[in-house]
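To start, the structure under review is shown below, and the notes come after it.
What follows draws every value from the coordinates through simple rules; no lab data is involved. As the structure is a prediction and not an experimental result, all values here were calculated from the model. Positions of Cβ are generated from backbone atoms using ideal geometry, with glycine treated the same way; all protein chains shown enter the neighbour counts.
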Amino acid sequence: MLWFIVAIIAASIMFFFTPEKAVQHADNSPSFFNKLSQHSLLLLPITVLTWLIVAIISAPITPFAGTAVGFVLTSCAVALPQLHRYLAVIASLTFAALLIELSLYL
């Protein structure tokens, strides 16, 4: 439960201290570094997703695997603006996986 409280506090701090418009582009021709910085938010979720898939392949399948992949895919959809249209679908699938896990333990 402590990790949940810490996550809420960290998210609140980030919400209050981030600027309204984090990225301002003066020109219409983005350089290589601007393109790289746009996709740098995906670095951590893709790394976690790769580690998670390797862990799932090397171990027996558990009901938690689908939910874990769903959470990581949701963070990938949040990180890339092009994937925002899939956010509701991915979050719904993650919620369904959570409900399935809950039904297994009741």
Along segment 5-12, what does the Karplus equation 6.51 cos²θ - 1.76 cosθ + 1.60 (θ = phi - 60°) give for ³J(HN,Hα), rounded to whole Hz, x for Gly and Pro?
5, 5, 5, 5, 5, 5, 5, 5
Along segment 63-80, Karplus-curve 3J(HN,Hα) (6.51, -1.76, 1.60; θ = phi - 60°) to the nearest Hz, with x for Gly and Pro, reads x, 6, 5, x, 5, 5, 5, x, 5, 5, 5, 5, 5, 5, 5, 6, 6, 9
Calculate the spin-label point distance for ALA7 paired with PHE95, positioning each point 7 Å from the Cα along the beta-carbon direction, and give it in nanometres.
1.6
